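*Asks:* Structure in structure tokens, see below.
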Amino acid sequence: QVHLVESGGGAVQPGGSLTLSCTASGLPFSDIAMAWYRQRPGELREQVARISKIGVTAYADYVKGRFTISRDNARNTVHLQMNSLKPEDTAFYYCNAAPFPETDWGQGTQIIVSS
């Protein structure tokens, strides 16, 4: 059974930084790409950053230069360093496999960017 646990969210002022972490179990972590997704209020979930099993990264245009995804295959964890946060980054953030997410999602971690 796939189990994804996200952490690190919180409230931050515009321009601030946060680092999210995700621990995964029940899937062949080191053999698959992983991604961070987000769901803003009233919108569909979207992929914001992706990392291949060997560390090649890709980002949505609106987070390029601000977010950095990384992974630790020995610990089955994936991180998202988020800098220069904007109010429009307010959302629930989730990790999952990519490009085809597992059916089971974690609870996510909420980011609120507000002054």
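The values are calculated or read from the model by the stated rules, or taken from the named source; none is laboratory data. Remember, it's a predicted structure, so these values are computed and weren't measured experimentally. Methodologically, a virtual Cβ is constructed for each residue, glycine included, from the backbone with ideal geometry; neighbour enumeration extends over all protein chains shown. All accessible areas refer to the heavy atoms of the entire protein, side chains included, with ligands and DNA or RNA removed. Shrake-Rupley method; radii C 1.70, N 1.55, O 1.52, S 1.80 Å.
*Asks:* Restricting to region 37-50, give me the number of residues that are open to solvent by less than 20 Å² (accessible area, probe 1.4 Å) and either out of contact with any helix residue (DSSP H, G or I) (no Cβ under 9 Å at 6 or more places or on another chain) or part of a loop (DSSP other than H, G, I, E, B) (or both).
*Replies:* Final tally of qualifying residues: 1.
*Asks:* Could you tell me which numbered condition TRP105 fails, if it satisfies all but one of (1) outside any loop (DSSP other than H, G, I, E, B); (2) in contact (Cβ under 8 Å) with a residue 24 or more places away in the chain?
*Replies:* With (1) outside any loop (DSSP other than H, G, I, E, B); (2) in contact (Cβ under 8 Å) with a residue 24 or more places away in the chain applied to TRP105, the lone miss is (1).
*Asks:* Still on this structure, please answer the following. Failed condition for PRO14, given (1) in contact (Cβ under 8 Å) with a residue 60 or more places away in the chain; (2) in a strand (DSSP E or B), with all others met?
*Replies:* (2)
*Asks:* Related question: The conditions are (1) over 14 Å from the mean Cα position of the chain (by Cα); (2) closer than 17 Å to LEU27 by Cα; (3) surrounded by fewer than 14 Cβ atoms within 10 Å (Cβ to Cβ), and LYS53 fails exactly one of them. Which is it?
*Replies:* If we test LYS53 against (1) over 14 Å from the mean Cα position of the chain (by Cα); (2) closer than 17 Å to LEU27 by Cα; (3) surrounded by fewer than 14 Cβ atoms within 10 Å (Cβ to Cβ), just (3) comes out false.
*Asks:* What number of residues within region 56-80 satisfy the criterion of being closer than 20 Å to PHE29 by Cα and either loosely packed, with under 14 Cβ neighbours inside 10 Å or polar (S, T, N, Q) (or both)?
*Replies:* Count: 10.
*Asks:* While we're here: For LEU85, work out the one condition from (1) part of a loop (DSSP other than H, G, I, E, B); (2) surrounded by fewer than 17 Cβ atoms within 10 Å (Cβ to Cβ); (3) among the hydrophobic types (A, V, I, L, M, F, W, C) it doesn't fulfil.
*Replies:* LEU85 satisfies all of (1) part of a loop (DSSP other than H, G, I, E, B); (2) surrounded by fewer than 17 Cβ atoms within 10 Å (Cβ to Cβ); (3) among the hydrophobic types (A, V, I, L, M, F, W, C) except (2).
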